[in-house]
Amino acid sequence: MKKFLILIPCFLFSEADAQEIQPVSPEKMNIIKTNVTAYAFRNINLSYERAINQWFSLNIGFGTMTQGKVPFINSFLKDEDEKRFQNLRVKSTNFTIEPRFYIGKGYGKGFYFAPYYRYSDVSSNSFDFYYDYDAVDGNTYQIPLKGQGSTSGNSGGLMVGVQFFLTRSQNLVLDFWIAGAHYGSGKGDFTMTSNYVLTPEMQAQLKQEIENLDIPFVDYTVETNANGAKIKVDGPWAGFRSGLSIGYRF
């Protein structure tokens, strides 16, 4: 019995020593980041990345663009068309799920390929729009309208990037989105209303004016009536991604 009692503490100490010498993984599996380049476009964003193993992680991101001018509107609208939307303001939100496959050292470090899903929503303020109606009497009349609406899209894509650990403690992270593109479908509705009762001739010209805007990456149809126009977005939804994120690893 005495021998048994002496063996108990020996056994406990040996178990404690065994636990102390068991290897503990030095890898930090979580990263919180924000894309700093997106702030130039009023896009407030945050993402969380969780490493599942050395070569695979899951990144989830959310972003919201505060209401303001449409970015790069002059790149897809002519100067005379842009003037019709002088007080147009938009806001948007997006949610992205992004599995990442790392090559090289992994655990969130090195080059990666990332297929992803993105949900996007865009809405406008109540904005002014006008068009010039060429009447049968030879005169041109400016017809004002008020517009408003929203649209949303679901898309999938692929991004290629590289992520670095910047400090000796490997806490500070730099994530360079080299290039990404996504494609899917979007739906939405916009309305334009006028204080004037539009004749069939006025409606026909309004329909042609809106269709001639030829906004890229979006398919839309236009229906007009005596009160104005309805624009239905129903077609392809495409976008591009690039940027530079700063994060903290823990």
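Of note:
- Rounded accessible area of Lys230 (nearest 10 Å², 1.4 Å probe): 120
- What the phi angles of the stretch 218-228 give under the Karplus curve with 6.51, -1.76 and 1.60, with θ = phi - 60°, is a coupling list of 9, 9, 8, 10, 10, 10, 10, 8, 5, 9, x Hz, glycine and proline written as x.
- Percentage of interatomic Cα-Cα distances in the chain larger than 26 Å: 56
- For the chain, the dipole from Cβ point charges (+1 on Lys and Arg, -1 on Asp and Glu) about the Cα centre works out to 1560 debye, to the nearest 20.
- When the residues Asp128, Asp121 are ordered by accessible surface, computed with a 1.4 Å probe over the protein chains alone, the sequence from largest down reads Asp128, Asp121.
- Computed over the Cα atoms of the stretch 117-250, pair by distinct pair, the Kirkwood hydrodynamic radius stands at 18.0 angstrom.
- For Lys207, the lysines whose Cα falls under 16 Å of its own Cα, not counting residues fewer than eight places away in the same chain, are Lys146, Lys230, Lys232.
- In percent, rounded to a whole number, the relative contact order of the stretch 30-249 is 19, using alpha-carbon pairs under 8 Å and six or more apart.
- Percentage relative contact order, the stretch 78-182, counting C-alpha pairs under 8 Å, at least six apart: 25
- Fraction of accessible area attributable to carbon and sulfur, the chain (%, probe 1.4 Å): 61
- Per residue value of the accessible surface for the stretch 30-249 (all protein chains in place, 1.4 Å probe), Å²: 54
- Surface listing: Met159, Met202 arranged by accessible area from highest to lowest gives Met202, Met159, probe 1.4 Å.
- In this structure the amide hydrogen of Trp55, modeled in the peptide plane, comes within under 5 Å of the amide hydrogens of Tyr107, none closer than 5 places in sequence on its chain.
- Lysine pairs in the stretch 61-124 whose alpha-carbon atoms fall under 28 angstrom of each other, counting only those eight or more residues apart or on distinct chains, come to 5.
- Think of the stretch 30-249 as a dipole: +1 on every Lys or Arg Cβ, -1 on every Asp or Glu Cβ, centred on the Cα centre; then among Phe190, Asn225, Thr64, Thr64 lies furthest on the positive end.
- When shorter helices are ignored and each DSSP H run of at least 4 residues is given -39500 (n - 2.57), the per-residue value for the chain at 222 nm works out to -4500 deg cm²/dmol.
The values are calculated or read from the model by the stated rules, or taken from the named source; none is laboratory data. Predicted model, so just to flag it, every value in this text is computed and none were measured. Glycine also receives a Cβ, built like all others from the backbone with ideal geometry; neighbour counts cover every protein chain displayed. To get the accessible areas, we keep the full protein, side chains included, count just its heavy atoms, and leave off ligands, DNA and RNA. Shrake-Rupley method; radii C 1.70, N 1.55, O 1.52, S 1.80 Å.
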